[in-house]
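Everything on this sheet refers to the single structure shown next.
No lab work stands behind these numbers, since they all come straight from the coordinates. Fair warning: this is a prediction, and the values are worked out from it, not measured in the lab. For neighbour counting, all protein chains shown are included, and Cβ atoms are generated from backbone atoms with ideal geometry for every residue, glycine included.
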Ligand SMILES: [Fe+2]
């Protein structure tokens, strides 16, 4: 059963949070982390169409964008062997693992040389939350930690992330170039069909 009401409740709660605290990033991240942890506590709500990996590359499905583009919610889906490039975000982001296992490698530029330094790797299991922002650390590479199944995480960002210009980094040369990720989907989930008995 797809309990899409969980996502609807999350959208409403996050909208209230942004209405109250949009200028207080620390509060948004603290309270947003609690809301996202509650959403990913259950894996019974993400529609199949938004949980499919690509054949050769990971997918990023927009689940909801705030009408004023103050935040967006995206499901990221990695198939076995799939990985993001090393990238930054330029805005705050809250990441919660819904399914599988994700491996996150963190990087930062050396303040002296500008060369990209590997800071470490951590694994994220279902229910785990990760945070990114230019203030706390914003450059990473995320890959599927499973060889035989997809991994899925739900991300919330402080802008319409698919349209936001940011950077991809070359691990060998530390050079960077701009990219805009876009989204893998053209259609959005209908959160508002209250007549659906599953909702
Ligand atoms: Fe990322």
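At what distance in angstrom do the alpha carbon centres of segment 83-116 and segment 126-199 lie from each other? Each part reduced to its Cα centre gives a spacing of 11 Å.
A Förster radius of 30 Å combined with the Cβ-Cβ distance from residue 175 to residue 30 puts the calculated FRET efficiency at roughly 0.30.
With neighbours defined as other Cβ atoms within 10 Å of a residue's Cβ, the residues 39, 119, 55 order from fewest to most as 55, 119, 39.
Kirkwood analysis of the chain, using all unique Cα-Cα pairs, places the hydrodynamic radius at 17.3 Å.
Helical runs assigned H by DSSP (4 residues or longer) give the chain a calculated mean residue ellipticity at 222 nm of -5500 deg cm²/dmol, each run adding -39500 (n - 2.57) before division by the residue total.
Relative to the longest principal axis of the C-alpha atoms of the chain, give the angle of the C-alpha long axis of helix 5-21, reported between 0 and 90° and rounded to the nearest 10°. Between the helix axis and the principal axis of the chain, the angle is about 60 degrees.
Prolate is the label for segment 88-199, because the ratio a/c of its alpha-carbon gyration tensor axes (a ≥ b ≥ c) is 1.5 or higher and a/b is greater than b/c. If you average the alpha carbon positions of segment 1-51 and of segment 56-76, how far apart do those two centres end up, in angstrom? Each part's Cα centre sits 12 Å from the other's. Label separation (residue 122 vs residue 147): 2.6 nm, computed from points 7 Å beyond Cα along the C-beta direction. The relative contact order of the chain comes to 25 percent, based on Cα pairs under 8 Å that sit 6 or more residues apart.
When the chain is treated as a GNM with alpha-carbon contacts under 10 Å, the residue of 51, 72, 31 showing the greatest mean-square fluctuation is 31.
Projecting label points 7 angstrom from Cα along Cα→Cβ for residue 108 and residue 21 puts them 2.4 nm apart.
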